[in-house]
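Structure record follows, encoded as structure tokens.
The values are calculated or read from the model by the stated rules, or taken from the named source; none is laboratory data. These numbers come from a predicted model, not from an experiment. Cβ placement follows ideal geometry from the backbone for every residue including glycine, while neighbour counts extend to all protein chains displayed. For accessibility, only protein heavy atoms count, side chains too; no ligands or nucleic acids. Shrake-Rupley method; radii C 1.70, N 1.55, O 1.52, S 1.80 Å.
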Amino acid sequence: MQKMIATTVQIVTIESDYAGQRIDNFLMTRLKNVPKTRIYRLLRKGEVRVNKKRIDPSYRLLAGDLVRIPPLKLEVSKASPQPHPSLVETLTQRILYEDNALLIINKPSGIAVHGGTGLKFGLIEALRTMYPKSPQLELAHRLDLETSGCLVIAKKRSALRELHDLLREGHVHKVYYALTKGHWKATELRVELSLQKNHLSSGERIVKVNKDGKPSLTIFEPVQSYTEAMLVEATLHTGRTHQIRVHAQHRGHPLAGDEKYGDRDFNKYMRQLGLKRLFLHAHLLEFTLPSSGQKISVKAPMDLELETCLSKLALL
């Protein structure tokens, strides 16, 4: 059974721990019972203000900012929803690294990093129920729904700020495994092409190579050649949406299982070998936290489905 509660206007002073966080993410963490669509509506209408001014959802908070949160009527359940036990077990088994500030998990393919329309639990929501003593748990970066591998979650705002700085300055070494169509030539391996993100009327995101887009650099390196495909390592030097997928597709080597940017016949061929997902895996993640000087290097093993696919290709 649900009940309605009313809140009064809140004026929140931003502490240094929250400096640098986007206002939309701050609100989603603070207003856990409010749907994401409603939060964006509040921002769009100017009902949420910072220092008495309207702001965009992308506004990054500064220490000392005064955030006005309007009165809200919230539907609150007596019992908070919980992730399915099988999801909790899966995530527990896929923890690659953990300390008092960070958590690195081998994200499964097919699980969104955060909840959305029609989806109560993404990976971060499930982890928050698993770590009730870490209320500041936040994604440091994101992986696409179908991409598996290394994903960093910060337990503290200070760690999140450090990670965001490292990512922005290009000091996080990220290497992915990708199975691609055809065979790469040496002259194709460096892809430095600007990317532009667009939203279709359906809300779907589509990314295209465009000189007016954001500068993007991916370095591909062959790992293993097969009859009609090649396993490559893709090293990201920028972190644009769908970067590896679009850069590979532009070179004529789309990723296996990529329904958005891929080749239909190649995908059909790979499905016959048992591949039912995008073959993109965040294999390696390395960075050094300035505050401690600690170097963190983590590798995520490939899932059985990907290993099985490679084994079948090797027999052809």
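Scanning region 175-204 for residues that are under 16 Å from the mean Cα position of the chain (by Cα) and open to solvent by less than 30 Å² (accessible area, probe 1.4 Å) turns up Val175, Tyr176. Of the residues in region 93-106, at least one is open to solvent by 50 Å² or more (accessible area, probe 1.4 Å), at pLDDT 90 or above and assigned to a loop (DSSP other than H, G, I, E, B).
Would region 122-139 turn up any residue that is within 22 Å of Arg277 (Cα to Cα) and open to solvent by 50 Å² or more (accessible area, probe 1.4 Å)? No: zero hits. Of all the numbered requirements in (1) in a loop (DSSP other than H, G, I, E, B); (2) under 21 Å from the mean Cα position of the chain (by Cα), Asp24 misses one, and that requirement is (1). Does Leu275 count as surrounded by 14 or more Cβ atoms within 10 Å (Cβ to Cβ), among the hydrophobic types (A, V, I, L, M, F, W, C) and not in a helix (DSSP H, G or I)? For Leu275, the condition - surrounded by 14 or more Cβ atoms within 10 Å (Cβ to Cβ), among the hydrophobic types (A, V, I, L, M, F, W, C) and not in a helix (DSSP H, G or I) - is met.
Checking the condition more than 17 Å from Gly122 (Cβ to Cβ), of a type in the set (S, T, N, Q) and at pLDDT below 85, which residue from Thr29, Thr8, Thr13 passes?
Thr8
Here Pro254 passes the criteria (1) under 24 Å from the mean Cα position of the chain (by Cα); (2) at pLDDT below 95 except the one numbered (2). Check region 205-217 and report whether any residue there is modelled with pLDDT under 95, open to solvent by less than 60 Å² (accessible area, probe 1.4 Å) and on the phi > 0 side of the Ramachandran plot. No - not one qualifying residue is present in region 205-217.
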